[in-house]
Amino acid sequence: MSGVRRAWRELNRLAVAAGLACVGIGYALATLLTAGLSLLGVGLPLLDRTLTGTRALLDRQRHRVPGAPVRSPYRSVDGGLAARLRTVAGDPATYRDLAFLFAHFCFAPAALVLAVGLWLGAAQGLALPLIHAVAPGAVDNYLGVPIDSLRNAGLAVVPGLLVAVGAYWLPRGLLHLDDRLTRALLAPTARAALAERVEELTDTRAQTVDAQAAELRRIERDLHDGAQARLVAMAMNLGLAEELLARDPEAARGLVTEARSAAGTALAELRDVVRGIHPPVLADRGLAGGVAALALGAALPVDLDVDLPERLPPPLESALYFTAAELITNAARHSGADRVAVRLRRADGTVRLTVSDDGRGGADPARGTGLAGIRRRLAVFDGRVRITSPDGGPTVVDVELPCGS
């Protein structure tokens, strides 16, 4: 049954591809027509609409490809109508889109017809004994085998089985070719990917410098307003106690007691500052232990599922620890959830952190700095953050970081 389901899914994918190809050739022809009208001074709004529709259609085609996602190669489009059209006209991806639409229209429907034809031929070959018994002479030849007797009809089942094997495996090959065609023409070119990577690294470097400067300011502020102020007060109390020690020992004793209390508070504040830089639990117990400590101290029940066979590099552990801490805190403060689930896995050179809750959903990085800050923090490590949070929930935040073998 699993083989039948797989064959049906593959035929369904070929049918969807053929449907998209037919719609796509319509968009391609409309684009060429409106582009021609635009040269005459009319049709610019229609050209803008057809190009927008074409890109939306091809983004759907990119999402259909299994395996590694096919990223959209388009340049950012903004401004008025004329500015948008100039950007699109100068984007090489526009012309690769048109090439794909014509190539896909030639390939996908033909692939569907070939796959369906093979299945029909296989079904006819396997059913030939029954067909000949019910209606002799309905089929007089099958792949060179004359169907003039029940014996020959039975022999024709053998090539029917061979056709069935081909019909079973061919759609997979056709879908593989379709995916290769999509990646070849709809994915960013090596030059575009390199330019995008340089831009991304430039932006990440600027964000990292800003984040480091902000972190240093935070540490300086915490030390100045907390531990430093208490140490100054402690020093003053000890100085006063020294002056009062000879003439008023009881008052000096009170000042020393107060200084000792201030020293304990200052020590606790220093520990908080150090914990904010690099939590000691990471150095002692690693990321698995750190996340377990977060789960124990969370305001909500946390379902923990951690599988890390070995330690990660310290910068990755620190980034993932603070990411998990912020996501658990966000779930407790803003989601209205009853439970949080944290899943941490490492496999194939990638570490993956998934934090989900059963709250009301609606989490949007554009409406706050928390999720956007997580993305900026993890961009330094080439991390990817996917957020799924429909209204009504649940909210799922999936983080992936490359970590080497």
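The values are calculated or read from the model by the stated rules, or taken from the named source; none is laboratory data. Remember, it's a predicted structure, so these values are computed and weren't measured experimentally. All Cβ positions, even for glycine, are placed from backbone atoms using ideal geometry, and neighbour counts span all protein chains on display. Areas reflect the complete protein model, heavy atoms only, side chains present, ligands, DNA and RNA absent. Shrake-Rupley method; radii C 1.70, N 1.55, O 1.52, S 1.80 Å.
Computed about its Cα centre, the charge dipole of the chain is approximately 1160 debye, with only Lys, Arg, Asp and Glu carrying charge at their Cβ. Per-residue Karplus couplings for the stretch 337-354, computed as 6.51 cos²θ - 1.76 cosθ + 1.60 with θ equal to phi - 60°, are listed in order as 7, 9, 9, 10, 10, 10, 10, 10, 9, 10, 7, 6, x, 9, 10, 10, 10, 10 Hz, Gly and Pro entered as x.
By the Kirkwood approach, averaging reciprocal distances over each pair of separate Cα atoms, the stretch 34-96 gets a hydrodynamic radius of 12.8 Å. How high is the relative contact order of the chain, given as a whole-number percent (alpha carbon pairs under 8 Å, six or more residues apart)? Relative contact order comes out at 10 percent.
Of ALA15, ALA167, ALA127, the residue with the greatest mean-square motion in the GNM of the chain, using alpha carbon springs below 10 Å, is ALA127. DSSP beta bridges confined to the chain are antiparallel in about 80 percent of cases. Which residue, ALA15, ALA299, ALA187, has the largest displacement toward the positive end of the dipole of the chain when charges sit on each Cβ (Lys, Arg +1; Asp, Glu -1)? Of the listed residues, the answer is ALA15. The long axis of helix 280-297 is offset from the longest Cα principal axis of the chain by roughly 80 degrees. Since only VAL4, PRO313, ALA110 are under comparison, the one whose Cα sits farthest along the positive direction of the charge dipole of the chain, derived from C-beta charges on Lys, Arg, Asp and Glu, is ALA110. Put simply, the amide H of TYR142, placed in the peptide plane, has neighbours under 5 Å in ILE147, leaving out anything fewer than 5 places away on its chain.
Taking the chain as the reference, fit the longest principal axis to its C-alpha atoms, fit the long axis of helix 157-186 to the helix C-alpha atoms, and give the angle between the two in degrees, 0 to 90, nearest 10. Here the helix axis deviates by roughly 50 degrees. Using a Gaussian network model of the chain whose springs link C-alpha atoms within less than 10 Å, name the residue from VAL158, VAL16, VAL116 with the highest mean-square fluctuation. So, out of VAL158, VAL16, VAL116, the one fluctuating most is VAL158.
When the helices of the chain are scored as -39500 (n - 2.57) per DSSP H run of n ≥ 4 and the total is divided over every residue, the value at 222 nm lands at -23000 deg cm²/dmol.
Simple point charges give the picture: +1 on the Cβ of Lys and Arg, -1 on the Cβ of Asp and Glu, and for the stretch 254-405 a dipole about the Cα centre of about 240 debye.
The mean of 1/r over all pairs of different alpha-carbon atoms in the chain, once inverted, gives a Kirkwood hydrodynamic radius of 27.8 Å. Share of carbon and sulfur in the accessible area of the chain stands at 62%, probe radius 1.4 Å. Between the stretch 76-109 and the stretch 372-405, the alpha-carbon centres lie 30 Å apart. Grab the other residues whose beta carbon is less than 12 angstrom from that of GLY359, score K and R as +1, D and E as -1, and report the net. It works out to a net charge of -1. Each part reduced to its alpha carbon centroid, the stretch 278-355 and the stretch 235-272 end up 40 Å apart. Using amide H atoms built in the peptide plane, which far-off residues or other-chain residues are under 5 Å from GLY362 H to H? Close amide H contacts, sequence-distant or interchain: ASP391, GLY392, GLY393.
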